[in-house]
Amino acid sequence: MFSECKFPVPWGHVAAKAWGPSEGHPVLCLHGWLDNANTFDKLIPLLPRDYYYVAMDFSGHGLSSHRPAGSPYHFLDYVTDVRRVVAALQWRRFTLMGHSMGGSVAGMFSFLYPEMVDKLILLENLGFLLAPEDTEAWRKSKRMVIDRLLNLEAKQQTPKARSPKAALQRLLEANRHLTAEGGAILLQRGATETPTAKSRVLHSGAVCEAPAEDPGPCSYHCVSEAQAKLAPVASLRSWVEGMKSTRWTPGTAQARQWKSLC
């Protein structure tokens, strides 16, 4: 027998199903690409019964809410889903089991939060691979992004209504470079009038900036390799640009070569 679970997230909820005693050792199960928590329906009954298994549906899968239309579904977003679920369950240390894409997410989570994972089980997956020279910078920056985002979400409160004058003052305090005139212009679209029209609510949300040293979605190794491959192309482009200013006599070998390159 299993029970259904729901964990609130800013865009709705993450659904999951659980087997076993809640006091048992926790095991989080992650499904593969375009699958859902039912992936583990036949497997869980064959495993030790004194564990507490929770199989979650990634966002946009199974019974979990889809992200807002137009939002991407990146691997790091799935890792953040896992971090949200673990926080809701109040698990400090647990076993992580992932199948296929879920194995990649499990490997990435284990890399970012090694202190939380006691065992990593991968089914039809190699885990998370990263160039050795990139590991520390990548781990530090991505973990910081996830932690900052969850901290901001936890602090979100009902927007405070202010008088037009107070709303402008708040905007100017947060943006020292703005003049009062510029702030008033921005507030025309940056605040919503309350029904009484005597106060305004500033538009704001959880904004999480990546740290300055963030290597971004590509590793330093990948970027360096790409630059090396692009260097000859850049040199060729410079040569072609220079050739444009050169006059060639029609019909000559040089003119034919130039025409073929262009």
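The values are calculated or read from the model by the stated rules, or taken from the named source; none is laboratory data. Worth saying up front: this structure is predicted, and the values here are computed from it rather than measured. Methodologically, a virtual Cβ is constructed for each residue, glycine included, from the backbone with ideal geometry; neighbour enumeration extends over all protein chains shown. All accessible areas refer to the heavy atoms of the entire protein, side chains included, with ligands and DNA or RNA removed. Shrake-Rupley method; radii C 1.70, N 1.55, O 1.52, S 1.80 Å.
Among the residues of segment 81-93, what is the count of those that are crowded, with 18+ Cβ neighbours inside 10 Å and of a type outside the set (A, V, I, L, M)?
Within segment 81-93, residues that are crowded, with 18+ Cβ neighbours inside 10 Å and of a type outside the set (A, V, I, L, M) number 3.
Return the only residue of 27, 9 being touching a residue at least 60 places away in the same chain (Cβ under 8 Å) and buried (at least 22 other Cβ atoms within 10 Å of the Cβ).
Numbers: 9 fails: buried (at least 22 other Cβ atoms within 10 Å of the Cβ).
Only one candidate qualifies: 27.
Considering each residue of segment 94-148, count those that are closer than 26 Å to residue 43 by Cα, in a helix (DSSP H, G or I) and in contact (Cβ under 8 Å) with a residue 12 or more places away in the chain, and give that number.
Matching residues across segment 94-148 total 12.
Yes or no: residue 125 open to solvent by less than 50 Å² (accessible area, probe 1.4 Å), over 20 Å from the mean Cα position of the chain (by Cα) and among the polar types (S, T, N, Q)? Before the answer, list the steps.
Working: open to solvent by less than 50 Å² (accessible area, probe 1.4 Å): yes; over 20 Å from the mean Cα position of the chain (by Cα): yes; among the polar types (S, T, N, Q): yes.
Against the criterion (open to solvent by less than 50 Å² (accessible area, probe 1.4 Å), over 20 Å from the mean Cα position of the chain (by Cα) and among the polar types (S, T, N, Q)), residue 125 qualifies.
Could you say whether any residue in segment 32-40 is open to solvent by less than 20 Å² (accessible area, probe 1.4 Å), of a type outside the set (Asp, Glu), within 22 Å of residue 83 (Cβ to Cβ) and touching a helix residue (DSSP H, G or I) at 6+ places or on another chain (Cβ under 7 Å)?
Step one: filter segment 32-40 for residues open to solvent by less than 20 Å² (accessible area, probe 1.4 Å), giving 32, 37, 40.
Now narrow it down to the ones that are of a type outside the set (Asp, Glu): 32, 37, 40.
Right, trim to within 22 Å of residue 83 (Cβ to Cβ) and you get 32, 37, 40.
From what's left, touching a helix residue (DSSP H, G or I) at 6+ places or on another chain (Cβ under 7 Å): 32.
Yes, segment 32-40 contains a residue that is open to solvent by less than 20 Å² (accessible area, probe 1.4 Å), of a type outside the set (Asp, Glu), within 22 Å of residue 83 (Cβ to Cβ) and touching a helix residue (DSSP H, G or I) at 6+ places or on another chain (Cβ under 7 Å).
Could you check segment 131-189 and list, in sequence order, the residues that are acidic (Asp, Glu) and modelled with pLDDT of 85 or more?
First, pick out the residues of segment 131-189 that are acidic (Asp, Glu): 133-134, 136, 147, 153, 173, 181.
Correct list: 147, 173, 181.
Considering segment 51-80 alone, what residues qualify as being part of a strand (DSSP E or B) and open to solvent by 40 Å² or more (accessible area, probe 1.4 Å)? Let's see the steps before the verdict.
Of the residues in segment 51-80, the ones part of a strand (DSSP E or B) are 51-56.
Residue satisfying the conditions is 51 alone.
Which of the numbered conditions does residue 15 fail, given that it passes all the others? Conditions: (1) open to solvent by less than 30 Å² (accessible area, probe 1.4 Å); (2) free of Cβ contacts under 8 Å to residues at least 24 places away in the same chain.
(2)
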